[in-house]
Amino acid sequence: MSQSDNFEAAASGAATDVASFEDTHKGLVGQIQHTLHVNPALVPLIVLVAAICIFGLVLGSKFFSPFALTLILQQVQIVGVLAAAQALIILTAGIDLSVGAIAVFCTVIMGQFSFRYGMPPAAAVACGLAMGTAIGAVNGWLVSRVKLPPFIVTLGMWQIVLAANYLYSDNETIRSQDIANDAAFLQFLGYKLKFGGAVFPLGVILMIALVLVLAYMLRSTAWGRHVYAVGDDPEAAELAGVNVHKTLMSVYMLVGFICGLAAWVMIGRYGSVSPSATTGVIGNIQAITAVVIGGISLFGGRGSIMGAFFGALIVGVFELGLRMAGADPQWTYLLIGVLIIAAVSVDQWIRKVTA
Amino acid sequence: MSQSDNFEAAASGAATDVASFEDTHKGLVGQIQHTLHVNPALVPLIVLVAAICIFGLVLGSKFFSPFALTLILQQVQIVGVLAAAQALIILTAGIDLSVGAIAVFCTVIMGQFSFRYGMPPAAAVACGLAMGTAIGAVNGWLVSRVKLPPFIVTLGMWQIVLAANYLYSDNETIRSQDIANDAAFLQFLGYKLKFGGAVFPLGVILMIALVLVLAYMLRSTAWGRHVYAVGDDPEAAELAGVNVHKTLMSVYMLVGFICGLAAWVMIGRYGSVSPSATTGVIGNIQAITAVVIGGISLFGGRGSIMGAFFGALIVGVFELGLRMAGADPQWTYLLIGVLIIAAVSVDQWIRKVTA
Amino acid sequence: MTQPILKARGLTKRYGKVTALDRCDFDLMPGEILAVIGDNGAGKSTLIKALSGAVVPDEGSVELDGKKVDFHSPIDAREAGIETVYQTLAMSPALSIADNMFMGREIIQSGVMGKLFRRLDKAKMQEIAREKLNELGLMTIQNINQAVETLSGGQRQGVAVARAAAFGSKVIILDEPTAALGVKESRRVLELIQDVKSRGIPIILISHNMPHVFEVADRIHVHRLGRRLCVIDPKEHSMSDAVAFMTGAQEPPEHPQAA
Amino acid sequence: MTQPILKARGLTKRYGKVTALDRCDFDLMPGEILAVIGDNGAGKSTLIKALSGAVVPDEGSVELDGKKVDFHSPIDAREAGIETVYQTLAMSPALSIADNMFMGREIIQSGVMGKLFRRLDKAKMQEIAREKLNELGLMTIQNINQAVETLSGGQRQGVAVARAAAFGSKVIILDEPTAALGVKESRRVLELIQDVKSRGIPIILISHNMPHVFEVADRIHVHRLGRRLCVIDPKEHSMSDAVAFMTGAQEPPEHPQAA
Amino acid sequence: APAFAAGHSVSACLITKTDTNPFFVKMREGAEAKAAELGIELNSYAGKVDGDNETQVQAIETCIANGAKGILLTASDTSGIVPSVQQARDAGLLVIALDTPLDPIDAADMTFATDNFLAGELIGQWAAATLGDDAANAKIGMLDLAISQPTVGVLRDQGFLQGFGIDLGDPNKWGDETDPRIVGNDVTAGNEEGGRKAMESLLAKDPEINVVYTINEPAAAGAYEALKDIGRENDVLIVSVDGGCPGVQNVKDGVIGATSQQYPLLMASKGIEAIAAWAKDGVKPAATEGKDFFDTGVALVTDKPAEGVESIDTAEGTELCWG
Ligand SMILES: Nc1ncnc2c1ncn2[C@@H]1O[C@H](COP(=O)(O)OP(=O)(O)OP(=O)(O)O)[C@@H](O)[C@H]1O
Ligand SMILES: Nc1ncnc2c1ncn2[C@@H]1O[C@H](COP(=O)(O)OP(=O)(O)OP(=O)(O)O)[C@@H](O)[C@H]1O
Ligand SMILES: O[C@@H]1[C@@H](O)[C@H](O)OC[C@H]1O
Ligand SMILES: [Mg+2]
Ligand SMILES: [Mg+2]
């Protein structure tokens, strides 16, 4: 045996209990700090609740009514669904500029397949979802196999899909009345459940269900762990035995599918199918904004999908609150700019004191 | 002395020449491969030259004329200047969504300070540049001190500056004729040098000079090395003794200043001052696109500013080429999406074979 | 004569002007502990990456059990039974210790939740993770749900080694597994290596620690300037010889093949 | 009795539920080599980070030359003369070896280009970098303009150590400087440490390599569970004692202060 | 509306496509002035970009939640907005479309608008008449709004072509015409920046262009800069639509040959009056004789009147211009 043994042997009597220290953070504050430290997704929730309270105090019962509060949910349902999709991509350290355009294109597919080709509306919805998934697959393939930066892939795809959308639809809007008469199923997610003043369209319920399901998948399945690992450090993940290609493909395809769902929600909310819906142009930035306000890092691997949902709601609360307060449009934009920065500053501050 | 010495001492006779191997990459191909390996910024240049050649072959002398080729430079001058600014931020692993809005706001400052307050135009230009720098300083402070994500800071700032721009200007355009009569210095960078059919406005020359100066600063000064280090790994840079805060502040302020220059270039090019210039809305995405096509990583610390410049030119060549080929606007839009992806794929492929 | 279980011939890998592997040969015999030693930058890590699919060599061939293999990713190698601890550890910094240990081979709950909803059995994975860490003597890890990036250098390495050891397979490759480890933790790793060997699984051990190498290795592959300089038997050569060969202070013995 | 040049009292650092430093004391005497040893995760790196401004402790005080200091960044500490090689090395992976060695203290050309345009003297920096690496015996580095991320583990560590050694100052802190180094390169680092000491500069050396520690250290600070367990004199205690103290296998001596 | 409408009993909303375009800014100013005069509280909303239906829907929902009496709306998506308008009308609000008719037009209680097709037709007729026989071999550049082809843009473009005497193909779409006189279409986003780039691109395609249609006056000013650069500013006819004060000034300076002027302040003040009347007595406004909307009129402004096309000169145009 080698000469190193003599002193190394002395370690054989080492203590064998796991290190522990007395807990010095005591009481409620300590408890809260610890909870936030362990669940950083709660931080945007705090900002959200604070924002609701402040607007409630300023605007009174007009804002603090079931009607207005559920109105916020209705107004964020599309951005909320897109933000859920965007969050998945951003967790893999990507970014998707095409989500909004895909959603709008899918509304056109659903509408035109029903009206131009006379397909049964349920089949048209299925085609729309399939189209979304297919576009997502192309994005995923370019990112994962050709190894292009997601920003460029989805920037190109954004332009391609938007232009295809105008070309294919002939810039024609399909009117709400016509859909209601001939293909009501397209508007299915617009069906509203009412409880007193509170109004819940099925689209809102779909959004909430989607967020919960994705949160479960990310937290409690192997797939979810792989998504985080790929976003954190793709090389390490590959070395550790994660199939990075398969994971990326599944994420991009799922995102395409969710964009298809967003399309269906859009038809429910607006009644009509319009190729020039602004979601195609600004839906991407809105979704990214929600995600980042929700505390997901643009560098991937960190954050939770609940955060993205709260992020979308925070923007929705600000927008409705300022509108109800009657701020004029440019002032509203200016203040929303300020509030976005403020919301994230508060978030940052809470994280710091609970670190 | 300890017992480890006996074998460690054997290393004392170790070979003392630096390892070397025979160079197996020989000939022209090997030479080109090595050149590209060492200067990856040349890769977008190759794509650029290829694009020019292809359009030249298809469109003939119409495209391959001094007039058309210098027209491309004129059309990219604003995006080129903004891309240089954006490249700096992206090298620090940030992103700046406010560049376009700052530029437009600075045109308004320059215009209104001349016309509303009757300032001498040179002073108004100075005020515009100062305003750009000041806004950059606010961005930098929020990023570096408050530690907010650059995406959020500049997203908020984008909205704030754009709204301020409309509010302050009252949405009023200052006409080109009025500026030419009363404050011609504002249009100074629009002055054109002509050599045969080739046309070089001073704005184009400023853009090229700016890119060269920044390339020098990044490559050959300590400041430049610090910018890369901060973008690469800010914690490591801080531990290694780089003043991360100072570096970030200098970058954001310089970027604000460059946006002010872009404003001056804009007045030169459009003659008028218009608060609703599209640059305010899409200038950021255009600049980011140029940067990413130019091979700068969105994760910071990798790439060269020349790449961003070539990236801007690549987009300019595609746009003009397709329009000249008579593609209709919707198809042009779609094809540019395809070409952007194609350009980066080629880039990626060249990098791979020269790795 | 027994066949090598893992064999490579003429492996070459260049990075631009840098040559990391220069027509390198390699042999691992069944059931043995083979140490690989060499200067910093000699190409040891690149060699094992070429063997485990993490790097695709420019030239050369690899055979596993006498059959030519062509790994294009570490997953291929892993499926063929080669388990590796890389020098860079290959961990996801933001994920927890348990997540990292079970990356790519997560345990799913039994029952409906597992079958239908593919729910992970986190409790079980955490329990196993804690157990494996205790086996390595990493008692200072206070919180098993800590993100790996918050671990100390040595704790992190311990987790990586525990991961490889936990999933026994055909060949185990360890690239400097004890570099950041303390005295006690290093000893435990050496014991673990002996343990794995006694289960009949051959091991490749890269290390700069000569006493450890000479304690456990059956044969020593000396790597120099991107290739195998010689293979020596630790019972026939001293540590001083080994160091002299690998640093170029002394010419290697005539018959490079020792086993 | 001489005053400690660097002294800390009651340093505490908590990360959420994890306690990394637990009311820790520390003393470094002028001109000495002080080794810090302890289990993985004992808190050694956190201790030296607190001393060098990289971490701001929750509680406790640090004195340099008898005056209380309050470092808020490593730059503060560096300006006060404390030079550190961190365990994570603190390198910019995409930058070259020379860039990294001179980060924050670049050499500027003489003449107009330097004065007016602040042009870096790249040739000179590369030359010095090559020289320092050769001093450490890192002869396998083929290309001095290689990005640090493409270096082998040991080469990378060598660059970090060369950087600290090149810029002599008041106190030098080395956190496991030889962990990834080969035999030859480790020896050179030990020689370098002796060299620095002979220039009168005190050194803090964290290491798990007992033979090395006992070879060079004047005093040994034994760290356990986030605090100083005892300080021993290597001439009075054996390596076995040291290992037994730090792993908790044996109680520390009565009078913890040795020097 | 407790906290904010304390002093007022009647509140109204103005929802415009954007509020970056001076057209809508002036429209808002007109509405604010009239509202102040009649003691009505006015809240204004605007889309983020042209074509932003979503924000307009949200604005309508806010107006309902706020208990407004009526809404003035320049719709971004004329049929897409209809269900929300219906919701507002069901909640008892008077909805008046300004500038842009809804599809169907009776989805709103009334429409106060310019006839955009007519506005285009006037400049088309003027251009054809000014060229005389040369109109047969004119080379026309079309500078449109956006590739999503919003209706105002299509109506003006097609009106212009009709007035010029060119076969329209599908009148709901620009760009499908086959007449060789059209060199090409390009998009401008309705500002100087886009106008200049689009003009340069069309000129690169065919430098002989001698007639330029532009969606609005800022785009025309941008086109002029491009023409000036190659020294052709004097032999190209530029026509436009809007009649904003800088636009009329540009007609006077010879930058633009002729422009069709519209009257946004009139639309806005009429709209506020209608809401006041509705709140007071529950009466709805009536349409112009023979039309299904209230036509606020359009006039051709030029200093070079052409045979057979009615026009006013820039002096009169300046008096009527808006901002
Ligand atoms: N991606 C890369 N690009 C360029 N050079 C590389 C790359 N990877 C490794 N090298 C070079 O290849 C050589 C061999 O590196 P390798 O990591 O295999 O060494 P090693 O023997 O494992 O050293 P150590 O003992 O320090 O870990 C080194 O000179 C290194 O600089
Ligand atoms: N940022 C952090 N967040 C949470 N815990 C941390 C963080 N940094 C360190 N720790 C914990 O603090 C303890 C001390 O870590 P430290 O790095 O100081 O150990 P060390 O003595 O240097 O160990 P090694 O010898 O392995 O380098 C460890 O339990 C580690 O997990
Ligand atoms: O009708 C409006 C028009 O007059 C203005 O110029 O641009 C936007 C249009 O919607
Ligand atoms: Mg190695
Ligand atoms: Mg440590």
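Within region B:256-278, does at least one residue satisfy the condition of being within 30 Å of D:Glu106 (Cα to Cα) and open to solvent by 30 Å² or more (accessible area, probe 1.4 Å)? Before you say what the answer is, go through the steps one by one.
The initial filter retains those residues of region B:256-278 that are within 30 Å of D:Glu106 (Cα to Cα), namely B:256-259.
Restricting the remaining residues to those that are open to solvent by 30 Å² or more (accessible area, probe 1.4 Å) gives B:257.
Yes; the residues of region B:256-278 include at least one that is within 30 Å of D:Glu106 (Cα to Cα) and open to solvent by 30 Å² or more (accessible area, probe 1.4 Å).
So for region B:338-346 (the condition being open to solvent by 30 Å² or more (accessible area, probe 1.4 Å), in contact (Cβ under 8 Å) with a residue 12 or more places away in the chain, under 30 Å from C:Asp58 (Cβ atoms) and more than 8 Å from chain A (Cβ to nearest Cβ)), does at least one residue qualify?
Looking for residues that are open to solvent by 30 Å² or more (accessible area, probe 1.4 Å), in contact (Cβ under 8 Å) with a residue 12 or more places away in the chain, under 30 Å from C:Asp58 (Cβ atoms) and more than 8 Å from chain A (Cβ to nearest Cβ), one finds at least one in region B:338-346, hence yes.
Suppose we keep only residues that are more than 9 Å from chain E (Cβ to nearest Cβ) and of a type in the set (A, V, I, L, M) within region A:53-78. Which one would you say is nearest to the chain's Cα centre (by Cα)? Step through it out loud before you land on a result.
Residues of region A:53-78 more than 9 Å from chain E (Cβ to nearest Cβ): A:53-57, A:64, A:66, A:69-70, A:72-73, A:76-77.
Next, from what is left, pick out any that are of a type in the set (A, V, I, L, M): A:54, A:57, A:69, A:72-73, A:76.
Working: A:Ile54: 25, A:Leu57: 29, A:Leu69: 20, A:Ile72: 16, A:Leu73: 14, A:Val76: 11 Å.
So the residue we want is A:Val76.
Write out, first by first residue and then by second, each pair whose Cβ atoms fall under 6 Å of each other, whose residues are 6+ apart or on separate chains, and whose first residue, in region C:126-138, is of a type in the set (Ser, Thr, Tyr) while the second is surrounded by fewer than 20 Cβ atoms within 10 Å (Cβ to Cβ).
So the pair list comes out empty.
If I filter region E:50-77 down to residues being in a loop (DSSP other than H, G, I, E, B) and touching a helix residue (DSSP H, G or I) at 6+ places or on another chain (Cβ under 6 Å), which single residue comes out as farthest from E:Gly271 (Cα to Cα)? If you could, list the steps in order and put the result at the bottom.
First, pick out the residues of region E:50-77 that are in a loop (DSSP other than H, G, I, E, B): E:50-52, E:67-69, E:74-77.
Still in the list and also touching a helix residue (DSSP H, G or I) at 6+ places or on another chain (Cβ under 6 Å): E:69, E:76-77.
On the way: E:Lys69: 12, E:Ser76: 18, E:Asp77: 20 Å.
Looking at the filtered set, the residue picked out is E:Asp77.
Hey, among the residues in region B:160-188 that are closer than 19 Å to E:Val255 by Cα and within 8 Å of another protein chain (Cβ to nearest Cβ), which one's most open to solvent (accessible area, probe 1.4 Å)?
Looking at residues that are closer than 19 Å to E:Val255 by Cα and within 8 Å of another protein chain (Cβ to nearest Cβ), I get B:Glu172.
Residue by residue through region E:135-151, note down the ones that are in contact (Cβ under 8 Å) with a residue 60 or more places away in the chain and not polar (S, T, N, Q).
So the first thing to find is which residues in region E:135-151 are in contact (Cβ under 8 Å) with a residue 60 or more places away in the chain, and the list is E:138-146, E:148, E:150-151.
If the condition is that a residue be in contact (Cβ under 8 Å) with a residue 60 or more places away in the chain and not polar (S, T, N, Q), then E:Ala138, E:Lys139, E:Ile140, E:Gly141, E:Met142, E:Leu143, E:Asp144, E:Leu145, E:Ala146, E:Pro150 are the ones that fit.
Looking at B:Val204, B:Val143, can you tell me which residue is farther than 30 Å from B:Ala68 by Cα, assigned to a helix (DSSP H, G or I) and modelled with pLDDT of 95 or more? Even if it seems obvious, please write down each step before you answer.
Values: B:Val204 fails: farther than 30 Å from B:Ala68 by Cα.
Going through B:Val204, B:Val143 in turn, the sole match is B:Val143.
Please tell me if E:Leu72 is open to solvent by 10 Å² or more (accessible area, probe 1.4 Å), in contact (Cβ under 8 Å) with a residue 60 or more places away in the chain and aliphatic (A, V, I, L, M).
Details: open to solvent by 10 Å² or more (accessible area, probe 1.4 Å): no; in contact (Cβ under 8 Å) with a residue 60 or more places away in the chain: yes; aliphatic (A, V, I, L, M): yes.
Judged against the criteria, E:Leu72 is not a match.
Scan (1) within 13 Å of chain A (Cβ to nearest Cβ); (2) of a type outside the set (A, V, I, L, M, F, W, C); (3) buried (at least 17 other Cβ atoms within 10 Å of the Cβ) for the single condition D:Asp218 breaks and write down its number.
Evaluating D:Asp218 over (1) within 13 Å of chain A (Cβ to nearest Cβ); (2) of a type outside the set (A, V, I, L, M, F, W, C); (3) buried (at least 17 other Cβ atoms within 10 Å of the Cβ) leaves (1) as the failure.
Within region A:291-312, is there a residue that is more than 16 Å from the chain's Cα centre (by Cα) and in a helix (DSSP H, G or I)?
The answer is no, given that none of the residues of region A:291-312 is more than 16 Å from the chain's Cα centre (by Cα) and in a helix (DSSP H, G or I).
List pairs: first in region C:202-231 and acidic (Asp, Glu), second away from ligand 5 (no atom under 16 Å from the Cβ) and part of a strand (DSSP E or B), Cβ under 9 Å, 6+ apart or cross-chain?
Here the result reads C:Asp218/C:Ile33; C:Asp218/C:Leu34; C:Asp218/C:Ala35, each pair linking region C:202-231 to a residue that is away from ligand 5 (no atom under 16 Å from the Cβ) and part of a strand (DSSP E or B).
Can you pull out the residues in region D:237-259 that are open to solvent by 50 Å² or more (accessible area, probe 1.4 Å) and either hydrophobic (A, V, I, L, M, F, W, C) or modelled with pLDDT of 95 or more (or both)?
Of everything in region D:237-259, just one residue is open to solvent by 50 Å² or more (accessible area, probe 1.4 Å) and either hydrophobic (A, V, I, L, M, F, W, C) or modelled with pLDDT of 95 or more (or both), namely D:Ala259.
Only residues that are part of a loop (DSSP other than H, G, I, E, B), touching a residue at least 12 places away in the same chain (Cβ under 8 Å) and among the aliphatic types (A, V, I, L, M): list them for region E:158-203, please.
Correct list: E:Ile166, E:Ala189.
Could you check how many residues of region E:166-177 are open to solvent by 50 Å² or more (accessible area, probe 1.4 Å) and either in contact with a Phe, Trp or Tyr (Cβ under 6 Å, 6 or more places away or on another chain) or modelled with pLDDT of 95 or more (or both)?
1
What is the one condition in (1) over 19 Å from E:Gly175 (Cβ atoms); (2) open to solvent by 20 Å² or more (accessible area, probe 1.4 Å) that E:Ala135 does not satisfy?
For E:Ala135, the exception is condition (2).
Looking at region C:1-15, which of its residues are assigned to a strand (DSSP E or B) and either hydroxyl-bearing (Ser, Thr, Tyr) or within 16 Å of ligand 5 (Cβ to nearest atom) (or both)? Full working, then the answer.
Quick first cut of region C:1-15, residues assigned to a strand (DSSP E or B) only: C:6-15.
Selection gives C:Thr12, C:Tyr15.
Can you name the residue in region B:63-110 that is hydroxyl-bearing (Ser, Thr, Tyr) and crowded, with 24+ Cβ neighbours inside 10 Å and is also nearest to B:Thr247 (Cα to Cα) among such residues? Break it down into steps so the answer makes sense when it comes.
Here is the first cut: in region B:63-110, the residues hydroxyl-bearing (Ser, Thr, Tyr) are B:65, B:70, B:92, B:98, B:107.
Right, trim to crowded, with 24+ Cβ neighbours inside 10 Å and you get B:92, B:98, B:107.
Working: B:Thr92: 9, B:Ser98: 19, B:Thr107: 27 Å.
Of everything passing the filter in region B:63-110, B:Thr92 is nearest to B:Thr247 (Cα to Cα).
It is to be established whether one or more residues within region C:158-180 are away from ligand 2 (no atom under 14 Å from the Cβ), touching a residue at least 60 places away in the same chain (Cβ under 8 Å), open to solvent by 60 Å² or more (accessible area, probe 1.4 Å) and not in a helix (DSSP H, G or I).
Checked region C:158-180: at least one residue is away from ligand 2 (no atom under 14 Å from the Cβ), touching a residue at least 60 places away in the same chain (Cβ under 8 Å), open to solvent by 60 Å² or more (accessible area, probe 1.4 Å) and not in a helix (DSSP H, G or I).
All but one of (1) free of Cβ contacts under 8 Å to residues at least 24 places away in the same chain; (2) in contact with a strand residue (DSSP E or B) (Cβ under 8 Å, 6 or more places away or on another chain); (3) among the acidic types (Asp, Glu) hold for E:Asp206; which doesn't?
(1) is the only condition that E:Asp206 fails.
Tell me, yes or no, whether region E:218-226 has at least one residue that is free of Cβ contacts under 8 Å to residues at least 24 places away in the same chain and in contact with a Lys or Arg (Cβ under 7 Å, 6 or more places away or on another chain). Don't jump to the end; show me each part of the working.
Of the residues in region E:218-226, the ones free of Cβ contacts under 8 Å to residues at least 24 places away in the same chain are none.
Looking for residues that are free of Cβ contacts under 8 Å to residues at least 24 places away in the same chain and in contact with a Lys or Arg (Cβ under 7 Å, 6 or more places away or on another chain), one finds none in region E:218-226, hence no.
Taking only region B:24-54 into account, find how many residues are assigned to a helix (DSSP H, G or I) and open to solvent by 30 Å² or more (accessible area, probe 1.4 Å).
18
Filter region D:16-35 for residues that are assigned to a strand (DSSP E or B) and more than 12 Å from every other protein chain (Cβ to nearest Cβ); which is nearest to D:Val196 (Cα to Cα)? It would help to see each step written out before you state the result.
Just the residues of region D:16-35 that are assigned to a strand (DSSP E or B), to begin with: D:18-28, D:33-35.
Checking the rest, the ones that are also more than 12 Å from every other protein chain (Cβ to nearest Cβ) come to D:24-28, D:33-35.
Numbers: D:Cys24: 27, D:Asp25: 25, D:Phe26: 21, D:Asp27: 19, D:Leu28: 15, D:Ile33: 10, D:Leu34: 13, D:Ala35: 15 Å.
Restricting to residues being assigned to a strand (DSSP E or B) and more than 12 Å from every other protein chain (Cβ to nearest Cβ), the top hit is D:Ile33.
The values are calculated or read from the model by the stated rules, or taken from the named source; none is laboratory data. Bear in mind the structure is a predicted one, so any value in this text is a computation, not a measurement. Because the Cβ atoms are built from the backbone with ideal geometry, glycine has one as well, and the counts that use them run over all protein chains shown. Ligands, DNA and RNA are stripped out before the accessible areas are found, and what is left, the full protein with its side chains, is counted by its heavy atoms. Shrake-Rupley method; radii C 1.70, N 1.55, O 1.52, S 1.80 Å.
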